[in-house]
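The values are calculated or read from the model by the stated rules, or taken from the named source; none is laboratory data. These figures come from a predicted structure and were not determined experimentally. Reconstructed Cβ throughout: ideal geometry from the backbone, glycine too, with neighbour counts over all protein chains shown. Calculation scope for accessible area: heavy atoms of the full protein, side chains included, ligands and nucleic acids excluded. Shrake-Rupley method; radii C 1.70, N 1.55, O 1.52, S 1.80 Å.
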Amino acid sequence: MAVHTEQYQQIVQELQQANATLVAVSKTKPVEDIRELYALGQRDFGENYVQELTEKQPQLPADIRWHFIGHLQSNKIKFIVPFVHLIHGVDRLSLLEEINKQALKQQRVIDCLLQVYIAREETKFGLDETELDQIMSQMQQGLFPGVQICGLMGMASFTDHEPQIRSEFQQLRSLYQKYRALHPSFQYLSMGMSGDYQIALAEGSTMVRIGSLLFGARS
Ligand SMILES: *Cc1c(COP(=O)(O)O)cnc(C)c1O
């Protein structure tokens, strides 16, 4: 079997205890694998590439909640706006402006998470606290009626050094708590992947994005 069923059941239990949501990251995996997990009750799936997502989505049940977790290019937003459930990786103001524009055009309000830069790696994307403050103050002024900011997302450094991962997640959680106290729309703290989701849960994650533990390694 392609999908790791027992692993899935175990993760679902861990997440129930932590009151967190599982986003099953199905990027590069065939629709058959997604169907298999769907049959076990999974409804939230995450994809990184617009073209792959728009090819898979019409082939699969309509009640799947699609999460876009990749680096989103502005000119491709329009293709996912009709059906996307949550965009995790809003990492720049210009992207928010463009999501807002497309959302208004297509008469939707798009739920988004702001991606925060927490890792000590140049290759990762994200906003810093000053930029978060600026965006949230513009949100409050009503500048982006097509967008609702529902929380924060972050990726820890790719390292085996657990204290570093933990401290990066703590940093993200404290930002999340700061904004949550001010903005009632904040309800998701998206942090944790296959390699670090247990640390993330211990540090207050409410949404983990897990791929390879469920679907096997990607080639
Ligand atoms: C691919 C990806 C994941 C899942 O990674 P795994 O290590 O396979 O669990 C989670 N989040 C983001 C942003 C990703 O790109």
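Given a 10 angstrom Cα cut-off, can you work out which residue in Arg108, Arg65, Arg120 is the most mobile in a GNM of the chain?
Fluctuation is largest for Arg120.
Just the number, please: carbon plus sulfur as a percent of the accessible area of the chain, 1.4 Å probe, no ligands or DNA/RNA counted.
Roughly 47 percent of what the probe reaches on the chain is carbon or sulfur.
With a cut-off of 8 Å between alpha carbons and a minimum separation of six or more residues, what is the relative contact order of the chain in percent?
22
Starting at 0 and stepping by 5 Å, how many percent of the alpha carbon pairs of the chain end up in each bin?
For the chain, the pair-distance distribution reads 1, 7, 16, 19, 20, 17, 12, 6, 1, 0, 0.
Please compute the length gained on full extension between Gln138 and Gln187, using 0.36 nm multiplied by the number of residues separating them and subtracting their Cα-Cα distance.
Extra length from Gln138 to Gln187 when fully extended: 15.7 nm.
In deg cm²/dmol and to the nearest 500, what is the mean residue ellipticity at 222 nm of the chain if only DSSP H runs of at least 4 residues count, each as -39500 (n - 2.57), divided by the residue total?
-12000 deg cm²/dmol
Among Ile135, Ile149, Ile99, which one shows the biggest mean-square fluctuation in a GNM of the chain, springs joining Cα atoms closer than 10 Å?
Per the Cα network of the chain with a 10 Å cutoff, Ile135 tops the list.
Can you give me the accessible area per residue for the range 40-127, using a 1.4 Å probe, in Å²?
Value returned for the range 40-127: 46 Å² of accessible area per residue.
With a cut-off of at most 14 other beta carbons within 10 Å, and DSSP calling the residue loop, which trypsin sites (Lys or Arg not before Pro) in the range 128-219 qualify? Please list them.
Arg218
Note down the relative contact order for the range 1-89 as a percent, whole number, built from C-alpha pairs under 8 angstrom at least six residues apart.
24
Which ³J(HN,Hα) values in Hz, rounded to whole numbers, follow from the phi angles of the range 71-82 under the Karplus curve 6.51 cos²θ - 1.76 cosθ + 1.60, where θ = phi - 60° and Gly and Pro get x?
These are the phi-based 3J(HN,Hα) values: 7, 9, 8, 4, 6, 10, 4, 4, 6, 9, 3, x Hz.
In what sequence, largest accessible area first, do Glu131, Glu168, Glu14 appear using a 1.4 Å probe?
Descending accessible area places them as Glu131, Glu14, Glu168.
What figure, in Å² to the nearest 10, do you get for the accessible area of Tyr38 with a 1.4 Å probe and non-protein molecules left out?
Approximately 50 Å² for this residue.
Quick one: compute the contact order of the range 49-160, relative version, from alpha carbon pairs under 8 angstrom and 6+ residues apart, as a percent.
Taking the mean separation of contacting Cα pairs over the length of the range 49-160, I get 25 percent.
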